[in-house]
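Coordinate-derived values only; no laboratory data. In this text, all values refer to a predicted model and were calculated from it rather than measured experimentally. Counting neighbours? That spans all protein chains shown, and the Cβs are built from the backbone with ideal geometry, glycine included.
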Amino acid sequence: MRSTAWRLCVCLGVALSAATCDSKPKLQLAFVINNASDFWTFARAGIRKAERELDVEVDFQTPGQGTAAQQRQIIETLIAKGVQGMAVSVLDPKGAVEILNDAAKRMPVVTQDSDCPDSKRVAYIGTDNVDAGRAAGREIKKALPEGGKIALFVGKLDVANAYERKKGIEEAIAGSGVEIVETFTDEGQRPTAQTNVRNSLDKYPDLKCLVGLWSYNAPAIIKVVQEKGLQGKIKIVAFDEESPTLDGIEDGTVQSTVVQQPFEFGYQSIRALAKLARKEDAGLPANGLAYVPVRVIDVTNLAEFREKVRQMLREGK
């Protein structure tokens, strides 16, 4: 009996050892964002789905202060760590070229959400932000059929997704009587975002519409509009799907919001990196631009969209 048990233990040990030797370590990938925002909750959900399906581990990195210098430090650390692929929402498309090219020498690199087209990234995965800006411009014209003065609010205007959205809005409102009086930037600081809204209303008392270009800008606008009792007196057009924005659509404070698909940013970026790292065809477009379409959400489709949001978050658990 002892001899038989001993042989069984030896065989089991050999089998376990062989299984361990045959198993490959998970790919180590990274996903670097541009600022801390609820917007990225959905990207993380998409990343978790990709981790389960593709046998990878993803290091999710946030520059806490939302600065280009901090983002560069994060990328440098990830290179030194030896990650095998990286997806970056680029804060400084000109200043980031060198560090992204350095990373691209060692691993596949894609940009997501905000591009760096002059770098050696393999592809950009995200929104066509000029087209998204046009969609917002059309919503502004619906809100102001007679025209009027508007102000834009965003974290930084030299980031690709910001200036491209503004460009799209300018194209859409050309000749409509809608005038952009100023674009206020907050450097990713939430208190400043609210202060900018207050300052805009003091500086331009005849404003007809406030437009938030980044996800947290609309909640900042809503808070100030509510504290000043201006609901229904001034229009709000937003980007993305933070809860206060969706609540604002429901109660009539917000006209509409242009939503991206950050879940797909996360899922598709990690899928592409995993394929590229394994020397497989990632199915990326030849021009390197993998656009993820946007949607306009208003009171007519809000309930359906909220159910979709709940489903995405369930998938990301």
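Data table
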item	result
Per-region count, region 42-95, residues in a helix (DSSP H, G or I) and either farther than 30 Å from THR185 by Cα or basic (Lys, Arg) (or both)	12
In region 241-282, the residues that are out of contact with any Asp or Glu (no Cβ under 8 Å at 6 or more places or on another chain), over 18 Å from PHE60 (Cα atoms) and buried (at least 23 other Cβ atoms within 10 Å of the Cβ)	GLU241, THR245, GLY248, VAL254
Yes/no for VAL296 being of a type outside the set (Gly, Ala, Ser), in contact with a strand residue (DSSP E or B) (Cβ under 7 Å, 6 or more places away or on another chain) and more than 30 Å from ASP59 (Cβ to Cβ)	yes
Cross-chain or 6+ apart pairs with Cβ under 7 Å, region 115-134 first and of a type in the set (S, T, N, Q), then assigned to a loop (DSSP other than H, G, I, E, B)	SER119/ALA96; THR127/GLN260; THR127/VAL292; THR127/VAL294
Residue in region 195-212 that is surrounded by fewer than 24 Cβ atoms within 10 Å (Cβ to Cβ), touching a strand residue (DSSP E or B) at 6+ places or on another chain (Cβ under 7 Å) and among the basic types (Lys, Arg) present	yes
Residue in region 258-270 that is farther than 30 Å from LEU29 by Cβ and either of a type in the set (Ser, Thr, Tyr) or over 21 Å from the mean Cα position of the chain (by Cα) (or both) present	no
